Each structure stands twice: as C-alpha cells, then as structure tokens.
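Undergrad: Take a look at this one; I'll ask things after.
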Amino acid sequence: MNAGMDFQDLLVRYFGQSEIETLPAAALEAGMERMRVDFGLERHAGRRFGLWTLMYMLGDAPDLDVAFKDEADREAARNFMDMVDRMG
C-alpha cells in the first residue's frame with residue numbers, strides 16, 4: 001500500500017469493485033478476512049488507521065483497545081466514530 005489511502009482504492013483492493021452493495025456475501029466475507037489479516041500485519045500508523053476506519057464503516061472493526069496501543073490513536077478513532085454517527 002502507498003502512504004495515502006483512498007476509500008475507493010481500498011474497496012477495489014479488498015472487494016474487487018467499488019460498489020460493495022452488490023457483492024455476494026461470500027465475496028464480502030473474503031474481502032473482510034483479507035482486510036483483517038492486513039490490519040494485523042500493518043505497522044504504519046496511518047495505513048493501519050485507514051484500514052480500521054473502513055472496517056468500522058463495514059461493521060467489522062476490532063475494539064479500540066485491541067486495535068490501537070497509543071491513546072492518541074484511540075482518541076482519533078473515537079472522534080471518527082462520533083463524526084460517522086453524526087452523519088447518520
């Protein structure tokens with residue numbers, strides 16, 4: 001992965017298309033599994049956060065205390081969650 005992460009690029013990378021609403025359940029689960037593996041292996045904080053945000057939006061993000069060792073990262077994740085909740 002490059003240093004920047006684009007939402008559409010992540011969808012294509014993990015699900016083969018940018019419209020995940022039309023994915024069969026098996027393809028969605030396979031993409032989520034690949035994302036969980038990459039998240040576990042990723043050491044770059046920014047890329048790790050980018051993966052976590054997509055996982056959160058798809059309802060499959062690990063708990064903050066598991067996902068982030070650094071309190072600042074956990075706080076950024078909480079802020080993201082609040083922002084998403086406000087957007088509906």
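Undergrad: Nearest 0.05, what FRET efficiency do D65 and Q8 give at R0 = 35 Å with Cβ-Cβ as r? All intermediate terms of the calculation are to be shown ahead of the outcome.
TA: Values: r = 30 Å, r/R0 = 0.85.
The calculated FRET efficiency here is 0.70.
Undergrad: Shifting gears a bit: Looking at [x] 21; [y] 66; [z] 37, which value of percent of Cα pairs over 23 Å apart comes from a calculation on the structure shown?
TA: Calculated percent of Cα pairs over 23 Å apart: the matching label is [x].
Undergrad: Using the membrane-span-like helix rule (whole DSSP H runs, Cα extent along the own axis of at least 15 Å, mean Kyte-Doolittle hydropathy at least -1.0), which helices of the chain qualify?
TA: Working: long enough: 25-41 (24 Å, 0.31); 45-57 (18 Å, 0.25); 71-87 (24 Å, -0.96).
Long hydrophobic helices here: 25-41, 45-57, 71-87.
Undergrad: Next question. Output the relative contact order of the chain, whole-number percent, from Cα pairs under 8 angstrom with separation of 6+ residues.
TA: Working: 47 pairs, mean separation 17.9, N = 88.
This gives 20 percent for the chain.
Undergrad: Taking 0.36 nm per intervening residue step and subtracting the Cα-Cα distance, what contour gain separates M83 from E29 on full extension? Before the final figure, lay out each step's value.
TA: Values: separation 54, 0.36 × 54 = 19.44 nm, distance 2.58 nm.
This chain segment gains 16.9 nm when fully extended.
Undergrad: Another one. So what is the calculated 222 nm ellipticity per residue for the chain, using -39500 (n - 2.57) for each DSSP H run with n of 4 or more, over all residues, to the nearest 500 deg cm²/dmol? Intermediate values should be presented prior to the final figure.
TA: On the way: 5 runs with 60 residues, N = 88.
Calculated at 222 nm, the ellipticity per residue is -21000 deg cm²/dmol.
Undergrad: Enumerate by residue number the trypsin sites (Lys or Arg not before Pro) in region 30-72 meeting two conditions: DSSP loop (anything except H, G, I, E, B), and at most 16 other Cβ atoms within 10 Å of the site's Cβ.
TA: On the way: sites: R34, R36, R43, R47, R48, K69; in loops: R43, K69.
Within region 30-72, the qualifying trypsin sites (Lys or Arg not before Pro) (loop, at most 16 other Cβ atoms within 10 Å) are R43, K69.
Read the figures in this text as sums done on the coordinates, not as results from a lab. Every value quoted in this text rests on a predicted model; they were computed, and no experiment measured them. Reconstructed Cβ throughout: ideal geometry from the backbone, glycine too, with neighbour counts over all protein chains shown.
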